[in-house]
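Comments concern the structure below.
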Amino acid sequence: MTETAPLTNTAQAATGAARTISGAPRKRTLLGGLLKTARPKQWVKNALVVAAPAAAGRLLAPGAPTRIALVFALFTACAAAVYLINDARDAEADRAHPTKCHRPVAAGQVPVPVAYAVGGALAVLAPAAAAWLTTPALAALLTAYLGMQLAYCISLKHVLVVDLVVVTTGFLMRAMAGGLALGIPLSRWFLITTGFGALFMVSAKRYSEAVQMAGTAGATRALLTEYTTGYLRFVWQLAAGVAVLGYCLWALEEGGVPNTGVLPWRQLSMVAFIVAILRYAVFADRGTAGEPEDVVLHDRALALIALAWLAMYGLAVANW
């Protein structure tokens, strides 16, 4: 008896240690699952909040960087809330899907009630924080974004054309957010160029999905079976044309401010903008523009064109 007691105590200690060790990963797994459900890869889209301040030349104004960072965080929280609620709602359907079954909520890594609770909390706290820390206009925009995106998750993603409009409007709202937070008036050319530029990328993505999933489109996105590739091609071509027209009209309009720069950078930036649209259209036409962030980040030529455009646009705003 005296010899087995130490062994028993040792076994109990080992068991307790194992429980402690296993408990920590379990907690980390839940947090990791919540983070994965929030889609960190998609957070790059929220960088659009710098668009309006950059267009107005207020990006580096006193207090602007801090305010813009806050807007980025608030929009990220709203997007995370939508993803969490969407995955909780679609958990049963995702479990029957060959790839979506690996999502944390569908796989059981994040319990459905927890996903609903965290998503709901973020959906309430983000607009409240915006009203307290920024402006009522931004709080209203975030509330509208949440309502629109949740309606999209529930029903609007199954409505032809409306699904394209909702996703495009989400991008436009991101671009507007920075301007509302800093009290910057949003010009009509900014809204036209940003809105149709977003529609160009959204419809090009849908077109690429339809091309790549021809014959099995419904397995990934049921609404793709309702669109024809010809129609989606028409949409992204129309959107690209309007975006280019809107940008050119902005570049040619002096707005009462004389150009004192070395060169007419506003007008010259049209060339880089048009070339960037044409370069992106190559991937859209091939049906390989399914992930816009991958196209923008992985194509070296497009990256160089974008840097050239940024340089000329910056010189135009600074009036050098």
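The values are calculated or read from the model by the stated rules, or taken from the named source; none is laboratory data. Everything quoted here is computed from the prediction, not taken from an experiment. Because the Cβ atoms are built from the backbone with ideal geometry, glycine has one as well, and the counts that use them run over all protein chains shown.
A few remarks follow.
Conditions (1) at pLDDT below 90; (2) touching a helix residue (DSSP H, G or I) at 6+ places or on another chain (Cβ under 9 Å); (3) not assigned by TED's automatic domain parsing to the domain that holds residue 310, marked per residue:
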residue: 3; (1), (2), (3): yes, no, yes
residue: 17; (1), (2), (3): yes, no, yes
residue: 20; (1), (2), (3): yes, no, yes
residue: 31; (1), (2), (3): yes, no, yes
residue: 49; (1), (2), (3): no, yes, yes
residue: 56; (1), (2), (3): yes, yes, yes
residue: 59; (1), (2), (3): yes, yes, yes
residue: 70; (1), (2), (3): no, yes, yes
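- Considering only residues in the range 83-105 that are assigned to a loop (DSSP other than H, G, I, E, B) and at pLDDT 90 or above, the one that is surrounded by the most Cβ atoms within 10 Å (Cβ to Cβ) turns out to be 105.
- Selection within the range 229-245 - β-branched (Val, Ile, Thr) and free of Cβ contacts under 8 Å to residues at least 12 places away in the same chain: none
- Total residues in the range 32-91, condition within 18 Å of residue 174 (Cβ to Cβ) and of a type in the set (Ser, Thr, Tyr): 2
- Of all residues assigned to the range 167-185, none qualifies as being out of contact with any helix residue (DSSP H, G or I) (no Cβ under 7 Å at 6 or more places or on another chain) and assigned to a helix (DSSP H, G or I).
- With respect to (1) modelled with pLDDT of 95 or more; (2) assigned to a loop (DSSP other than H, G, I, E, B), the lone exception for residue 125 is condition (2).
- Pairs, first under 28 Å from residue 114 (Cα atoms) in the range 38-54, second modelled with pLDDT under 90 and not polar (S, T, N, Q), C-beta under 7 Å, six or more apart: 44/293
- Of all the listed residues (143, 76), the sole one being within 25 Å of residue 195 (Cα to Cα), assigned to a helix (DSSP H, G or I), touching a Phe, Trp or Tyr at 6+ places or on another chain (Cβ under 7 Å) and not small (Gly, Ala, Ser) is 76.
- Condition met for residue 216 (modelled with pLDDT of 90 or more and farther than 16 Å from residue 289 by Cβ): no
- Filter result for residue 49 (touching a Phe, Trp or Tyr at 6+ places or on another chain (Cβ under 6 Å) and β-branched (Val, Ile, Thr)): yes
- Qualifying residue in the range 270-285 (condition: surrounded by 19 or more Cβ atoms within 10 Å (Cβ to Cβ), in the same structural domain as residue 237 (by TED's automatic domain parsing), without any contact (Cβ under 8 Å) to a residue 24 or more places away in the chain and within 23 Å of residue 43 (Cβ to Cβ)): no
- Residue satisfying condition, being without any contact (Cβ under 8 Å) to a residue 60 or more places away in the chain, over 30 Å from residue 196 (Cβ atoms) and out of contact with any Ser or Thr (no Cβ under 7 Å at 6 or more places or on another chain), within set 129, 151: 129
- Of all residues making up the range 286-301, the number that are crowded, with 16+ Cβ neighbours inside 10 Å, in a helix (DSSP H, G or I) and touching a Lys or Arg at 6+ places or on another chain (Cβ under 8 Å): 1
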